[in-house]
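K.L.:
Structure below; questions to follow.
Throughout, read-outs are computed from the coordinates displayed, never taken from laboratory work. If you're wondering where the values come from, they're calculated on a predicted model, not measured in any experiment. Counting neighbours? That spans all protein chains shown, and the Cβs are built from the backbone with ideal geometry, glycine included.
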């Protein structure tokens, strides 16, 4: 089912309820529907038709969702990339099949650094949306279940960016799973910095306040403006990366601000350690705090209400088990296989080396909300394999499933040290940002210079691994996308480690 048809029904039922808030703009579901229809018709006048790919260079905003749903309304296919990587992706990819660019002025100018985009005549500035008038009727085409709804360029954290195409049916399935996980109430007003989850909000009919964050680097967002949004719009739930939540939390602790009307906090996209959970509890004392584990290819895979962790699970965290991701949700199958295979390809069941409970290996998943392959097949050989007709996705993450069926995370194959980091953050408050590297079988713990905890105390606390050395940097570099994950490549350069 075309998602535009599903959302149009919702718009007509919700009518004058507020769906999106950004700054002084408060847009009702009816107003959004009218803007979508008018923009869809406008795109058709520029020559965009069913099957055309539209490169969307719009940060998270009301205009982003108007563009997205307008594209679906004419059967076009929006193409996205992570906000922190727009310039590099525009420069380094061909985009030969792009028929139209829709963007803000800054990003449209970026398109001129790409030879194919530079010569493209059809470039639309989203500022036109507010100026459109007249009829807002549009005939939405029905589409096959496997028809592409969104094409996304990944951040390329493991090398060359992979291109993921998610169909309308895929997003419908994902939305149904998220609706079960995210505990929606019709009275909810959510501050969000995560585009795909805001789409879920539109589907279920709650109000989203688009966070006033710096989407090119969420860790550099203005905390006071975010707090002002939460207070002014009576936000009672948050959906944000740990990096953005950290900005909010640190500011509130410093200013002694307590947001005790917030009842739900959801986060994902990076490690969430127990000392950070303690900080969240101080700022949001009445909130349910939920972590979601997943990826572009499979979202969600596991969820955890961190306030419901048992004392045994907390003790396990302190003793080197890793980060508890929680109960497996969404995916039909989540298995742990042995590591060390560069590319599996299609393998037989006899070679499918599943491990016993609580044995650490690579996490692989299968199900309707798991992406079956990448555009052009790039990345399929390395990340996909089939057993008895079931296609699995290799997450690249290490972990294990405990006796109660809950998933634990250990990190990536080259940096499988979440057990060390999780233990340190569970045992020491104020340890700050951490990273662990392996240099020729030597485990090196990296801390920021602001950490004042004695080295011996830190090393003595880790009994399950041997830390060879502790090194300090002014600031541990993190990814641009979530401002959470350690940028190991940059860190190694800083420390002169190969």
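K.L.:
Could you work out how far helix 242-255 tilts from the main Cα principal axis of the chain, as a 0 to 90 degree angle to the nearest 10?
P.N.:
For helix 242-255, the angle is close to 80 degrees.
K.L.:
Moving on. Based on the alpha-carbon gyration tensor of the range 3-171 and its eigenvalue square roots a ≥ b ≥ c, which shape applies: rounded if a/c is under 1.5, prolate if not and a/b is larger than b/c, or oblate?
P.N.:
prolate
K.L.:
May I ask you to list the residues of the range 71-99 whose amide nitrogen lies under 16 Å from a point 7 Å from Cα along the Cα→beta-carbon direction of residue 296?
P.N.:
Those under the cut-off are 78-95.
K.L.:
Residue separation times 0.36 nm, minus the C-alpha to C-alpha distance between residue 453 and residue 109: what's the value?
P.N.:
Result for the pair: 119.0 nm of gain on full extension.
K.L.:
Using Cα-Cα distances under 8 Å and only pairs 6 or more residues apart, what relative contact order does the range 274-327 have, in percent?
P.N.:
29
K.L.:
Then there is this: Label the range 432-495 by shape, choosing from rounded, prolate and oblate, from the square roots a ≥ b ≥ c of the eigenvalues of the Cα gyration tensor; if a/c is under 1.5 it is rounded, and otherwise prolate applies when a/b is larger than b/c, oblate when it is not.
P.N.:
On the way: a/c = 1.96, a/b = 1.44, b/c = 1.36.
Taking the square roots of the gyration eigenvalues as a ≥ b ≥ c, the range 432-495 is prolate.
K.L.:
Alpha carbon centre of the range 373-395 versus the range 191-216: separation in Å?
P.N.:
The two parts, judged by their Cα centres, are 30 Å apart.
K.L.:
Then there's this: Using mean Cβ contacts within 10 Å as the protection proxy, how do 316-328, 248-260 order, highest first?
P.N.:
316-328, 248-260
K.L.:
OK, next. Taking the number of other C-beta atoms within 10 Å as the exposure measure, put 87, 237 in order starting with the fewest.
P.N.:
So the residues, fewest neighbours to most, are 87, 237.
K.L.:
Pop the C-beta distance of residue 118 and residue 216 into the FRET formula with R0 = 22 Å and round what comes out to the nearest 0.05. Intermediate values should be presented prior to the final figure.
P.N.:
On the way: r = 22 Å, r/R0 = 1.01.
It comes to 0.50.
K.L.:
How much FRET efficiency would the formula 1/(1 + (r/R0)^6) give for residue 492 and residue 25, where r is the Cβ-Cβ distance and R0 is 45 Å, rounded to 0.05?
P.N.:
Calculated value: 0.55.
K.L.:
I'm spelling it out carefully: the read-out is Cα Rg over 2.2 N^0.38 Å, the candidates are (i) 0.98; (ii) 1.03; (iii) 1.09, and one was derived from this structure. Which label?
P.N.:
Only one listed value fits the structure, namely (i).
K.L.:
Out of all DSSP beta bridges with both ends in the chain, state the antiparallel percent to the nearest 5. Provide the component values of the computation, followed by the final result.
P.N.:
Values: 48 of 86 bridges.
Bridges in the chain that DSSP calls antiparallel: roughly 55 percent.
K.L.:
Mind ordering 479-486, 275-282 by average Cβ neighbours within 10 Å, highest first?
P.N.:
On the way: 479-486: 22.1, 275-282: 16.8.
Ranking, from highest mean packing down: 479-486, 275-282.
K.L.:
Would you give the gap between the C-alpha center of the range 461-498 and the C-alpha center of the range 46-120, rounded to a whole Å?
P.N.:
Spelled out, the Cα-based centre of one part sits 35 Å from the other.
K.L.:
Is it possible to state the helix-based mean residue ellipticity at 222 nm for the chain, with each DSSP H run of 4+ residues giving -39500 (n - 2.57), the sum divided by total residues, to the nearest 500 deg cm²/dmol? What is it?
P.N.:
Result for the chain: -9000 deg cm²/dmol, rounded to the nearest 500.
K.L.:
Let me ask something else about it. Normalised by the number of residues in the range 3-171, what is the relative contact order in percent for Cα pairs under 8 Å and 6+ residues apart?
P.N.:
23
K.L.:
Same structure, new question: Please state the shape class of the range 69-157: rounded when a/c is under 1.5, otherwise prolate if a/b exceeds b/c and oblate if not, all from the C-alpha gyration tensor.
P.N.:
Oblate is the answer for the range 69-157, as a/c is 1.5 or above yet b/c matches or exceeds a/b.
K.L.:
Out of all DSSP beta bridges with both ends in the range 3-171, state the antiparallel percent to the nearest 5. Present the calculation step by step, with values, prior to reporting the outcome.
P.N.:
Details: 9 of 23 bridges.
Roughly 40 percent of the DSSP beta bridges within the range 3-171 come out antiparallel.
K.L.:
Let me ask another. Quick one: if you stick a label point 7 Å off each Cα along the C-beta vector at residue 315 and residue 353, how many nm between them?
P.N.:
Output for this residue pair reads 3.4 nm.
K.L.:
Determine, for 356, 413, the number of other Cβ atoms within 10 Å of each Cβ, and report the residues in order from fewest to most.
P.N.:
Taking fewest neighbouring Cβ atoms as first place, the list is 356, 413.
K.L.:
Could you give the angle, 0 to 90 degrees to the nearest 10, between helix 29-45's Cα long axis and the longest principal axis of the Cα atoms of the chain?
P.N.:
Helix 29-45 sits roughly 70 degrees off the main axis of the chain.
K.L.:
Further, regarding this structure: If R0 is 41 Å, what FRET efficiency do you get for residue 278 and residue 440 from their C-beta distance, rounded to 0.05?
P.N.:
It comes out at approximately 0.70.
K.L.:
Just to confirm the number: angle between the C-alpha axis of helix 62-73 and the first principal axis of the chain, 0 to 90 degrees, nearest 10?
P.N.:
The two axes meet at around 60 degrees.
K.L.:
Using 7 Å Cα-to-Cβ label points, what is the residue 94/residue 429 separation (nm, one decimal)?
P.N.:
5.7
K.L.:
At what distance in nm do the modelled label points of residue 225 and residue 186 sit from each other, each positioned 7 Å from its Cα along Cα→Cβ?
P.N.:
3.4
K.L.:
Okay, moving on. For Cα pairs less than 8 Å apart in space and 6+ apart in sequence, what is the mean separation divided by the residue count of the chain, i.e. the relative contact order in percent?
P.N.:
Once normalised by length, the contact order is 11 percent.
K.L.:
Now for a different question. Most exposed first by the Cβ proxy, i.e. fewest other Cβ within 10 Å, how do 224, 192, 295 rank?
P.N.:
224, 295, 192
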